[in-house]
Structure formats: C-alpha cells, structure tokens
1. Look at region 130-184 and say how many of its residues are without any contact (Cβ under 8 Å) to a residue 40 or more places away in the chain, open to solvent by 10 Å² or more (accessible area, probe 1.4 Å) and either of a type outside the set (A, V, I, L, M, F, W, C) or touching a Gly at 6+ places or on another chain (Cβ under 7 Å) (or both).
2. Please pick out the residue among G187, G106 that is out of contact with any strand residue (DSSP E or B) (no Cβ under 8 Å at 6 or more places or on another chain) and surrounded by 13 or more Cβ atoms within 10 Å (Cβ to Cβ).
3. Working only within region 163-186, note down all residues that are under 18 Å from S118 (Cα atoms) and in contact with a Ser or Thr (Cβ under 8 Å, 6 or more places away or on another chain).
4. What residue, of L47, L39, L57, L64, is open to solvent by 20 Å² or more (accessible area, probe 1.4 Å), at pLDDT 90 or above, over 12 Å from A99 (Cβ atoms) and under 15 Å from the mean Cα position of the chain (by Cα)?
5. Quick one: in region 14-23, of everything that is more than 20 Å from S4 (Cα to Cα) and in contact (Cβ under 8 Å) with a residue 24 or more places away in the chain, which residue is surrounded by the most Cβ atoms within 10 Å (Cβ to Cβ)?
Amino acid sequence: MTESIVQRLRETAATLPADRVSMQTLAQAHGPSAHGTWLLLMAVPCLLPVPGVGTVLGLGMVALATAMWQGQSSSCLPQRVAELELSRHWAQRVLGMLASAYSVAGRFAKARLSHLASVERRSSTAAAIGLMALIVVLPIPFGNVLPALTLMLIGLGLVFRDGVAVVLGLAMAGLALCVTLGAILLGLSWGSERLPGWLFA
C-alpha cells in the first residue's frame, strides 16, 4: 500500500499540468478519503512559507476535528479548503513531502494498539487536533511548525492504525502547546516593556 501511494504522489507531482493547483486536485491525487488522509493533506502545506495557507487549512482542520468530535465516520474537504490554490511549485513540494512522509512511515508504522488510533466520539485525539489547528491559525512566527508536525504524526497514526504514533502525536501536542504559550507570554512581556511607562502609571 505504501509503495503505491508514494509512487502515485511522485508521478502526480511530476505531471501537474497547471500553473495553479487546487487542494481538491491534490486530494484526488492523494487517493481514498478518510480522517487521517485529510489531516495529512491539510497539515503538510502548513509547513511551507505560503501566506494565508495556514489560516485556511487551519480552519479546515478545525472543521475536521469537529466532525471527529461529533463521531462522524466520514468527512470531506470544506469548500474553502478544496478551492484553495497553490502554485505548481508549492503543489509539487506538498506532494513530495507527502510521499516522503508515507515512505518513512512505511518503514516504522504498523497496526498496533489500534484502539488508540480509532476515531471515537468526543475523543482526546479530536480535541488535540482541534487545538493544534487553532494554533496553526495564530499569527506566531514559525508557530506552525510544531503543530503541523504533530498533526502529521497523528494523521499517519490514523492512516496506519498505529496507536503508538497517535500517542506520540498527543505527547508532541502537549509540547507544542507549552511552546506556544511560552511564545505568547514572551511576546506579551516584550511588548509591555516597549510601551511607554505612563500607560501603567
């Protein structure tokens, strides 16, 4: 399964015809739709320095987390996400990164502790995905990196039914949350020091 997905993604990346490529086109290249694959597809572009992408895809992942929280077994890309377009260059980067993620995961991930990799109503996994997606939306310099990597790890865990990967993703979510809160507090402290003293008199 992994080899076929990797090959399909790389072949699609090499033959993208248009200057602008929609997320719907990338989704079709990605293959079967499921919570894990949608999560991967939306998380990977958040690692790229493309303005506005993190906001749209972050909100898309919030919608996905909401569907998971409500116990919906299937979902689709929100219209705004499906219509989001990337340049051919960035679309190729996304497909290449997805192929690499599947290639690496294929060596280590396997079906184990599968009950931890299931999408259940009001699950901690759905809550973590929603929280990380909200952090992606925040305008914090480089603030997307840890949450996006966390979401990728959870997504791979869901795809491969690997509960260990999901648990590691949840642990990384805790780290990402701590780092984000630290960055916000540091920014507030730095900002207050630069404000005129009379504001606090």
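The values are calculated or read from the model by the stated rules, or taken from the named source; none is laboratory data. Just so it is clear, the model here is predicted, and its values are computed rather than measured. Reconstructed Cβ throughout: ideal geometry from the backbone, glycine too, with neighbour counts over all protein chains shown. Surface accessibility is based on the protein's heavy atoms, side chains included, excluding ligands, DNA and RNA. Shrake-Rupley method; radii C 1.70, N 1.55, O 1.52, S 1.80 Å.
1. Let us first name the residues in region 130-184 that are without any contact (Cβ under 8 Å) to a residue 40 or more places away in the chain, namely 139, 141-142, 146, 150, 153, 168, 171-172, 174-175, 178-179, 181-182.
So of that shortlist, the ones also open to solvent by 10 Å² or more (accessible area, probe 1.4 Å) come out as 139, 141-142, 146, 153, 168, 171-172, 174-175, 178-179, 181-182.
Retained after the next criterion (residues that are either of a type outside the set (A, V, I, L, M, F, W, C) or touching a Gly at 6+ places or on another chain (Cβ under 7 Å) (or both)): 139, 141, 153, 174, 182.
Selection size over region 130-184: 5.
2. G106
3. As a first pass, look at region 163-186 and keep what is under 18 Å from S118 (Cα atoms): 163-171, 173.
Residues satisfying the conditions are G163, V166, G169, L170, A173.
4. After applying the criteria, what remains is L47.
5. Only one residue tops the list, namely M23.
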